[in-house]
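Take a look at the structure set out below.
Rule-based calculations on the coordinates, nothing more; no lab input. Note that this is a predicted model, so its numbers are computed, not measured. Cβ placement follows ideal geometry from the backbone for every residue including glycine, while neighbour counts extend to all protein chains displayed.
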Amino acid sequence: MKRHLATLTTAISAFLLVSCSSTDGPNQPLATFVDIERFMGEWRVHGYTPTAIDKNAWNAVETYELRDDGKIQTTYSFNKGSATGKQKTYRPVGTIYDTKTNAEWRMRFFGIINAPYYIVYVSPDYQYTVIGHPNRKYAWIMSRESSIDEERYDALLNELRSRDYQIDRIERVRHQ
């Protein structure tokens, strides 16, 4: 019973996350162009807006793999509550929504919920990225490395600030 309640709560949370989304195109500046091949691989999450499914995440990693059908297999894993906490893993599937820029995706969670996924910034060397959402409440700051210096983190946070994100909701993710 508890497991079904947890699954239902997660599904409702994911639905609420995407309920205010738009399909009319981005409502904010996105990366001009994303080279999908270079974007694939492992990214460490350094800042994020916690949701019901990933609150108090440690060692968060998002991995992207381009499938033969052109979709993006995503694996999001983290330890819950501490560096040695229980590992949680989610596997949404991404679809590139804007194939001209490759910066606007839709992520399918639990096989039924589509969430907008905006690549608002990617560094020229593909070492840093900032992911956003149309409602400007949810965001992720990521790099290829398990650590990030404060100056770089603040610069990436400014990418969100310049788009009117609620940056006070963004929390740091610890990596050990």
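Identify all lysines with a Cα-Cα distance to LYS100 below 27 Å; exclude those on the same chain that are fewer than 8 residues away in sequence.
LYS71, LYS137
For Rg/Rh (Cα atoms, Kirkwood Rh), the choices are (i) 0.93; (ii) 1.42; (iii) 1.02; which was calculated from the structure?
Matching the structure shown: (i).
In deg cm²/dmol and to the nearest 500, what is the mean residue ellipticity at 222 nm of the chain if only DSSP H runs of at least 4 residues count, each as -39500 (n - 2.57), divided by the residue total?
-5500 deg cm²/dmol
Quick one: the Cα spread of region 53-97 along its three principal axes, in angstroms, biggest first?
Answer, in whole Å and largest first: 36, 15, 11 Å.
Taking the alpha-carbon set of region 123-171, what are its Rg and Dmax in Å?
Here Rg and the maximum Cα pair distance are 10.6, 28 Å.
Give, in nm to one decimal, the length gained when the segment between ASN27 and ILE112 is fully stretched (0.36 nm per residue of separation minus the Cα-Cα distance).
28.2 nm
So which residue, out of ARG163, ARG152, ARG144, gets the largest mean-square fluctuation from a GNM of the chain using Cα contacts under 10 Å as springs?
Between ARG163, ARG152, ARG144, it is ARG152 that shows the largest mean-square fluctuation.
Where nothing but the Cβ of Lys and Arg (+1) and of Asp and Glu (-1) is charged, how large is the charge dipole of the chain around its Cα centre, in debye to the nearest 20?
In total the dipole reaches around 920 debye.
Dipole of the chain (Lys/Arg Cβ +1, Asp/Glu Cβ -1, origin at the Cα centre): which of ALA115, GLY70, ILE148 lies farthest to the positive side?
Of the listed residues, the answer is ALA115.
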